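Reading through the C-alpha cells given below for one structure.
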Amino acid sequence: MAAAAYYLLALAAIFKWRAASRPRPGATALQPLSILKPVHGRDPKFYEAIRSHALQDYPEFEILFGLSDPNDLAAADIARLQAEFPRVPISAFVVCTKAPNAKVGVLSELARHARHPLLLVNDSDIVVEPGYLRAVAAPLADPKIGLVTCLYRAEGDSWPSRAEALGIATEFAPSVLVARLLGVAEFALGSTMVFRAAALAELGGFDTIAPYIADDYQLGVHINRLGYRIEFAPVVVETRLGGGTWGDIWRHQLRWSRTIRVSRPGGYYGYVVTHATLWSLAAFAAGQWRAGLAAMLLRMLAGIAVAGAILRYRRIATDWWMIPLRDLFGFAVWLGGIFGSEVTWRDQKLRLERHGRICRPG
C-alpha cells in the first residue's frame, strides 16, 4: 500500500509539474553565459551533442571544453566544432588535476577561464533542443534562485541500454517529481546546472566539492545552504547510453546506488517502499490480489505517464511491457548498493566514505 501511495503521489506530481512548467509572459534580460564541459573520452554521438549547444540562439555565450588527455578522441570533434562555428567562442584546455574528483578539478580550471557571469555545467553527452539556453538561464533573473537544473531522458542502442533508459524515464524521473512535490528541493542533476559565478565564489569555488563523487548533488546542496532555491527549468534534455552490456549497466547503476547510499542514507533505505513491482508480487503470493493489483497498476500508469507526458520518451510506446522486469533488476541493484563502498568511475576504482567523500583509489 505504501508503494501504491508513492506512485499515486507521482501521478499528482505530474499535474503540478505541468502547471509550473507553463510559459510565463514577459521578456527576461539574459546575462552572458559560459558553458563548461569536462570531457573524458568520446561518448556516443558526441559531436551531435556538442553541436546542439553551438546552435543555440542566445545573446552571448561561449563554450569551454576541458580534457585530461591531449590525445583524447574527443579533441578532433572539438576542433571540427570550432571550424563549423567560427563565430561562437569555443575553447579547449588540457587540464592536469590532482583533485579527488578529476571532473571537478577540470571544472575548477574551466571556471578560471570563463568570462561570463552565468555558468552552465552539463555532461558531455547531453543533447539539447532549440531554446534550451534561454529556458535554463531565464529563471536566474529571480535573485532568490541560485541554481537551475532540468530533467533528462535517455536513448539506448542495445536491450540493456534500453532497460536503463526505461528505468530513468519510469522510476528515476517519478522519484524526482515526488521529491519536489514533498518539498525535497536541495538537489541538482548533472544533466544541467546553471548558476551565477558569484554564487560559486561564495561557496568557495569548485574546490569545495572536489572531494565528493556526487558533484551535482553536492553543488545543489551547497548553493541551497547559501539561502538560494534550486529550480527546475521546463525543458528536457537527452543523454545517449550507446550499446552497453548488462555488465556495463550493472556497474553503472551500482555506482549510482552506492553513491546515493553514502550521500543520503536515510533516503536510500526509505526508497525500498517504492519498489512496487516487488511488493505487488509479494502481495500476490500472500493472496492479497487487490492490494497487489492496485500497486502494480499505479506503478505502470505513473511510469508511462511521466515518460510520455513529461519526458516525451518515444520508446515508452513499445517498451512499457518491460517495466516490471526492469524494476526487478533495479531492486537487485538497490540490494547491491547496500553492501560495499567501492565504485568504478572514469576507469578508476574509488572507495567512498560518508557523504560520498572519495577516500582513495581501490
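Let me spell it out: the conditions are (1) part of a loop (DSSP other than H, G, I, E, B); (2) touching an Asp or Glu at 6+ places or on another chain (Cβ under 9 Å); (3) buried (at least 17 other Cβ atoms within 10 Å of the Cβ), and Leu166 meets all of them except one. Which number is the exception?
Leu166 satisfies every listed condition except (1).
Which residue is surrounded by the most Cβ atoms within 10 Å (Cβ to Cβ), if the candidates are limited to the range 201-257 and must be more than 18 Å from the chain's Cα centre (by Cα) and hydroxyl-bearing (Ser, Thr, Tyr)?
Looking at residues that are more than 18 Å from the chain's Cα centre (by Cα) and hydroxyl-bearing (Ser, Thr, Tyr), I get Tyr228.
Confirm whether Arg251 is over 28 Å from Asp142 (Cα atoms), in contact with a Ser or Thr (Cβ under 6 Å, 6 or more places away or on another chain) and assigned to a helix (DSSP H, G or I). Break it down stepwise before answering.
Numbers: over 28 Å from Asp142 (Cα atoms): yes; in contact with a Ser or Thr (Cβ under 6 Å, 6 or more places away or on another chain): yes; assigned to a helix (DSSP H, G or I): yes.
Against the criterion (over 28 Å from Asp142 (Cα atoms), in contact with a Ser or Thr (Cβ under 6 Å, 6 or more places away or on another chain) and assigned to a helix (DSSP H, G or I)), Arg251 qualifies.
Let me spell it out: the conditions are (1) more than 17 Å from the chain's Cα centre (by Cα); (2) small (Gly, Ala, Ser); (3) surrounded by 23 or more Cβ atoms within 10 Å (Cβ to Cβ), and Gly156 meets all of them except one. Which number is the exception?
Only one criterion is unmet by Gly156, namely (1).
When you scan the range 120-152, how many residues do you find that are of a type outside the set (Asp, Glu) and under 20 Å from His40 (Cα atoms)? Write out each step before concluding.
First, the residues of the range 120-152 that are of a type outside the set (Asp, Glu): 120-122, 124, 126-128, 130-141, 143-152.
Checking the rest, the ones that are also under 20 Å from His40 (Cα atoms) come to 120-122, 124, 126-128.
The number of residues fulfilling the criteria is 7.
Considering every residue within the range 293-308, establish whether at least one is under 20 Å from the mean Cα position of the chain (by Cα) and more than 20 Å from Val178 (Cα to Cα).
no
Considering only helices (runs of 4 or more DSSP H) fully contained in the range 31-144, which possess at least 3 residues that are in contact with an Asp or Glu (Cβ under 8 Å, 6 or more places away or on another chain) and under 24 Å from Gly205 (Cβ atoms)? Can you show your working first?
On the way: elements: 46-54, 74-84, 102-113, 132-137.
Here the list reads 102-113.
If I ask for residues that are touching a residue at least 60 places away in the same chain (Cβ under 8 Å) and under 19 Å from Ala3 (Cβ atoms), which ones from the range 321-351 would you list?
Result: Met322, Ile323, Leu325, Arg326, Asp327, Phe329, Gly330, Val333, Trp334, Gly337, Ile338.
If we keep just the residues of the range 86-99 that are farther than 18 Å from Asn122 by Cβ and either of a type in the set (A, V, I, L, M, F, W, C) or at pLDDT below 90 (or both), which is surrounded by the fewest Cβ atoms within 10 Å (Cβ to Cβ)? I'd like the intermediate steps shown before the answer.
To start, the set of residues in the range 86-99 that are farther than 18 Å from Asn122 by Cβ comprises 86-87, 94, 96-99.
From what is left, the residues that are either of a type in the set (A, V, I, L, M, F, W, C) or at pLDDT below 90 (or both) are 94, 96-99.
Numbers: Val94: 15, Cys96: 10, Thr97: 18, Lys98: 7, Ala99: 19.
Taking the candidates together, the pick is Lys98.
Going residue by residue through the range 238-258, is there one that turns out to be of a type in the set (Asp, Glu), touching a helix residue (DSSP H, G or I) at 6+ places or on another chain (Cβ under 7 Å) and under 29 Å from Gly131 (Cβ atoms)?
For the range 238-258, residues of a type in the set (Asp, Glu), touching a helix residue (DSSP H, G or I) at 6+ places or on another chain (Cβ under 7 Å) and under 29 Å from Gly131 (Cβ atoms): absent.
Which of the residues spanning the range 189-223 are of a type in the set (Ser, Thr, Tyr) and part of a loop (DSSP other than H, G, I, E, B)? Quick ask: steps written out before the conclusion?
Our first condition is that a residue be of a type in the set (Ser, Thr, Tyr); within the range 189-223, this holds for 191-192, 208, 212, 217.
Within the range 189-223, Ser191 is the sole residue that qualifies.
Need pairs with beta-carbon distance below 6 Å; first residue touching a residue at least 12 places away in the same chain (Cβ under 8 Å) and within the range 189-215, second among the charged types (D, E, K, R) and surrounded by fewer than 19 Cβ atoms within 10 Å (Cβ to Cβ); sequence gap 6+ or separate chains.
What qualifies is Pro211/Arg357; Tyr212/Arg357.
The values are calculated or read from the model by the stated rules, or taken from the named source; none is laboratory data. For clarity, every value in this text was computed on a predicted model and none was experimentally measured. Cβ: placed from backbone, ideal geometry, glycine included. Neighbour counts: every protein chain shown.
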